[in-house]
Amino acid sequence: MLERRVSPSPVLAILSPVIAVALTIIAGFALFAALGKDPVKAMEIYFLSPFADAYNRSELLVKAIPLALIGSGLAICFRAGVFNIGAPGQYTLGAIFAGGVALHAPEGAAMIWLLPLTLAAGFVGGMLWGWIPAFLRVVSGANVILVSLMLTYVAALLLDWLVRGPWTDPQGRGFPKSALFPDGALMPVLLPGTRLHWGLALAVVAALALAWMLSRTRRGFGIRAMGLAPKAAAFAGFSEAKTITYVMLVSGGLAGLAGAVEVTSTIQQLQPDIAAGYGFAAIIVAFLGRLNPIGALIAALALAVTYIGGENAQILLKLPKNAAFVFQGMLLFFLLACDTLIHYRLRLRRVAGG
Amino acid sequence: MEVDRQNIDITVSYSSHAGKRPPSIVPVPHIPKPVHPVSARYGPKARKPDRVFVSMSDVGRFRPPDAKRLTSLRPPRARPPVREAPPVREASSEQIANAAPIAPAAPVAPAVLPVEPVAALRETATVAPLPAMQAQVAGDPIAAPEDTAPLLVLTGLSKAFGAVRAVEDVSLTLSPGEKHALLGENGAGKSTLVKMIYGVLQPDTGTIRLDGHPVRIDSPSAARSRGIGMVFQHFSTFEALSVAENLAVVLPGRSLRDIRRDVRRIGEEYGLGIEPDRRLASLSAGERQRVEIIRCLLQDPRLLIMDEPTSVLTPQEAQALFVVLDRLAEEGCAILYISHRLDDVRALCQSATVMRRGKVVATCNPREETVASLAEMMIGSTVERPRKQASLIGKALLEVDDLRVVSGGGVSLDGITFAARRGEIFGIAGVAGEGQSELFAALSGERPARRPGAIRINGRAVGALDPLRRRRAGMAFAPERRVGHAAIGDMRLSENFRLTHHATGLRRGAVAMLRDAFDVRAEGKDPFAAALSGGNLQKFVIGREILREPSVLIVEQPTWGVDAGAATVIHKALMELAAKGAAIVVISQDLDEIFALCDRVAVLHRGRLSEPQVMSAVTAEKLGLLMGGAAVAEVS
């Protein structure tokens, strides 16, 4: 059974993500050895190749952008004790709203405004999808976890229907894809010759703004209070309903923005698969980043390594792509285990009774 | 008129269960005859409150076992041999040596405490020792006959949690077949004491002897194997499983078929009719309690501990329970019955031990007392506390007018009306669970009222406002629960300070000032609230609110579970605030506190508030009767 430690070591609490990463690497070592691959070479491809050259490094950042955007939003959501696990749906809705604006922009409209409008639409779309579970929770006590998760499937099917039906590309020969977005709706590239785009700036600004909000504003104080002790937060005058709605709107909006950024940069059109897997990976990002928006920024890079490393391993080692998800899963597992064992100690005891 | 009110009272006691199941109770088969008619327990309400606040002085005594006992009807059963346990400490081994004979260690004559006027005792400056024990009233067997060895003897049991001494030097003797009540207010140490008997907690000092042998009870399963069974206030059962399956979980090694058969057999034998295949989810609280009792009976108990058993029962269910307990006692099983419902105790038990603040303060035969005399006897004397100076009482600052809050799970507030005036400390007394937390939430705005005019501050209607806006209107609040409600354990003191000050602005250095002014002792410059002791955190919480200089302060249980030093600091601070012209409402279950602090008092009973009484004109006995639900007119 688990017994709460009287005083958890503060050093270990900070080091917990590092220990978890180390354990993941060790477990990965064993996993590759068991699969009959050279573990040293596999590890090199997984964890070093993403940093090997400029292209890989830029791709790392490209992957990290949506993860950081969603993860920092989820960080404040989880901080409030609101478990929004519907980020993939909010991401998809953001992509749909952004696509709607981009695809229906009148020819020759003022191009300067098209991209901001597209991104704003994505933010609004994500907010809408985040608002639904918050509203149902506030009005009827519905479970945020379940409602937000189920809305993910609604969003995915909505996107599927749109790209096969109303928004399908007339020149697409029946492929389930929309037309390519007009140039004015596309994210400008940050570094010529790579895919790295200005979404990076958005992610950094969003994380800094959230970190400031959480530590310096009254609203952030209310969010932290509610996560630690809901009754005390209510006593202090922070309305539970308002806090839930606020964090769901912010985290949903940021997930929607991530979706909009992604479809206006790397994908440039709507299609059934717009990598909504980011939405779930961002849960790991939020926890790995200690539920701190700045921490999420760093954790997003770590998760991006598993994506890029996984793609490289798929090409070079003929490993299945899902190996990357195994790594992500192991990382979350070890992280939660470390956190638990830092705050609790395992005590083996005879089962009472008999 | 009087008859009407009685009817209302009884209706209310049913209505709290009405939502859960139909009022008709499943008849219990095989009840030989009604030993305790319902009317005996719930009869003339005006004379016998069924729940009375318990409060008394602190001299430890225990009495020899009761001699009168019926021969066991049950065939003797084989018992596991009692292992000798090493004495816990040096001191206890001496105690064992001194108390070598099985008979009670000291031939203290059990006595009824003489009834003293409470008003006189309130004047006493220090802890007054109980008057010398007097010989018991004739007819009650006093001397323990040599042929009946006590079943359980507790000697000098103590248990401390940090600085709080939950149980201090408690001694108690229980004979086979004895129905013994353990009386005391919440937090008096009753639960801690029985947890030590049941092996959930280990005593710091003192010995537990079973059949004359010192024993160490390491766990509940060890207690069960020694024949000690306990029925908890809250049952830990699996809703989705059947009765028999639930019992199989806690009785490993028995087949489901045997358990089914035994449940039916015991059900017939004791009138505990429960169909073993029914799902737990479909059972009422009373039926679930029967399952718990059957669980204990399946393990052949010699001592059955019941923790507040009637708090979840309807009168009929309680009635049926008493029949079962009488029957068990006749067969030689000792019953340790924990309650603060004096009527229940008088109906069931022939001996009682009274605890207060961890100590035994009295033993008596509850049947020879009236409920009123028991209540009066229990409020023995009071610890020295600062006396409130008569202050100039001005106009009403807080007016509560017909406040109604419908509560799903808790107690609904039913037309609360009172006013607290400038310079006044207004007390709201009552035993636990009569609507105190609901009233606090309604006054603080955590649970706003529908009607803005239900609560007025200085004439301004604030009934519909949230806590933030009420603070801005000049109110301050300190709830009962320190960690998780008043403060957040995982936040630093500075952030905890901010919890109630962000509404009205923060001052630099205020936390340091607060720690200085209220003697809040803790290590470090800005420690986490969880690192503070209960007394220091409570001083922080109360001080935090007083620093806001509120015109109306609502505090609930301001000195609950804190040491005497902190209690004095808090009481003094409250009196000073009142003297400066604030109106203070103290919601407390501690009558001593009410007497020490308040100018006027009203009693909360089942969500209704009595007429306010001027403190100088009220006695503890009268308050006790009001707490039991009597109306002011009947009492005075």
If you project the alpha carbons of region A:227-283 onto the principal axes, what extent comes out on each, in Å, largest first?
-> 48, 17, 15
Might you work out the accessible area of residue A:325 for me, using a 1.4 Å probe with all protein chains in place, and round it to the nearest 10 Å²?
-> 90
For region A:2-346, with every protein chain kept in place, what is the accessible area per residue (1.4 Å probe, Å²)?
-> 45
Rounded to the nearest 500, what is the 222 nm mean residue ellipticity of chain A from helices alone, with -39500 (n - 2.57) per DSSP H run of 4+ residues and division by all residues?
-> -23000 deg cm²/dmol
Expressed in square angstrom to the nearest 10, the accessible area of residue B:213 with a 1.4 Å probe stands at 80
Max mean-square fluctuation residue, GNM over chain A, Cα-Cα springs under 10 Å, options A:61, A:31, A:69 = A:31
Scattering profile of region A:93-144 from the Debye formula, Cα beads only, expressed as log10 I(q)/I(0) at q = 0.18, 0.27 Å⁻¹, is -0.60, -0.91
Of all trypsin sites (Lys or Arg not before Pro) in region A:143-197, which ones are in loop regions per DSSP and have a Cβ with at most 16 other Cβ atoms within 10 Å?
-> A:173, A:195
At the nearest 100 Å², what buried accessible area, both sides summed, do you get for B and A when the probe is 1.4 Å?
-> 1800
If each of residue B:202 and residue B:616 carries a label point 7 Å out from its Cα toward its Cβ, how far apart are those two points in nm?
-> 5.6
Peptides A:226-236, A:139-149 ordered by average Cβ neighbours within 10 Å, highest first = A:226-236, A:139-149
By how many nm would the segment from residue B:213 to residue B:404 lengthen if fully extended, with 0.36 nm per residue of separation less the alpha-carbon distance?
-> 63.1 nm
Return the carbon/sulfur percentage of the accessible area of region B:424-490, one whole number, probe 1.4 Å, all protein chains in place.
-> 46
Apply 1/(1 + (r/R0)^6) to the Cβ-Cβ distance of residue B:504 and residue A:190, taking R0 = 35 Å, and write down the FRET efficiency to the nearest 0.05.
-> 0.15
Translational D (Stokes-Einstein, µm²/s) of region A:167-262 at 37 °C and 0.692 mPa s when Rh comes from the Kirkwood sum over C-alpha pairs?
-> 197
If r is the Cβ-Cβ distance from residue A:18 to residue A:318 and R0 is 30 Å, what FRET efficiency results, to the nearest 0.05?
-> 0.45
With a 1.4 Å probe and every protein chain kept in, tell me what percent of the accessible surface of region A:139-260 is carbon plus sulfur.
-> 68
Chain-alone versus full-assembly comparison, region B:481-518, residues with accessible loss of at least 30 Å² (1.4 Å probe) = B:484, B:485, B:488, B:490, B:491, B:495, B:498, B:499, B:502
Farthest positive-ward along chain A dipole, Cα basis, beta-carbon charges - from A:272, A:187, A:252 | A:252
What net charge do the residues around residue A:63 carry, taking every other residue with its C-beta under 12 Å from that of residue A:63, with Lys and Arg at +1 and Asp and Glu at -1?
-> -1
Cα-derived Rg to Rh of region A:2-346, Kirkwood definition = 0.99
Kirkwood-type radius of region A:204-322, with distances r between different C-alpha atoms, in Å | 16.4
Region B:412-487: Rg/Rh from Cα coordinates, Kirkwood Rh?
-> 0.94
Most to least accessible of B:239, A:107, B:611, B:369 (protein chains only, probe 1.4 Å) | A:107, B:611, B:239, B:369
Among A:69, A:284, A:220, which residue has its Cα positioned farthest towards the positive end of the charge dipole of chain A, with +1 placed on the Cβ of Lys and Arg, -1 on the Cβ of Asp and Glu, and the dipole taken about the Cα centre?
-> A:220
Simple Cβ-charge dipole of region A:2-346, Lys/Arg +1 and Asp/Glu -1, about Cα centre, in debye nearest 20 = 920
What Kirkwood hydrodynamic radius, in Å, does region A:126-172 give when the mean of 1/r is taken over all pairs of distinct Cα atoms and then inverted?
-> 12.0
Counting other Cβ atoms within 10 Å, keep those with at most 16, restrict to DSSP loop, and tell me which GluC sites (Glu not before Pro) in region B:484-574 are left.
-> B:523
Ignoring ligands and nucleic acids, residue A:336 exposes an accessible area, probe 1.4 Å, in Å² to the nearest 10, of 80
In cubic angstrom, how much convex hull volume per residue do the alpha carbon atoms of region B:247-300 span?
-> 73
Considering only DSSP states other than H, G, I, E and B, which trypsin sites (Lys or Arg not before Pro) in region A:277-331 qualify as loop sites with at most 12 other Cβ atoms within 10 Å?
-> A:318, A:321
Just grab the label-to-label distance for residue B:268 and residue B:521, each label 7 Å out from Cα along the Cβ direction, in nm (one decimal).
-> 6.6
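The values are calculated or read from the model by the stated rules, or taken from the named source; none is laboratory data. Values in this document were obtained by computation on a predicted structure and should not be read as measured data. Neighbour counts are summed over all protein chains in view; Cβ atoms, including those assigned to glycine, are modelled from backbone coordinates with ideal geometry. For accessibility, only protein heavy atoms count, side chains too; no ligands or nucleic acids. Shrake-Rupley method; radii C 1.70, N 1.55, O 1.52, S 1.80 Å.
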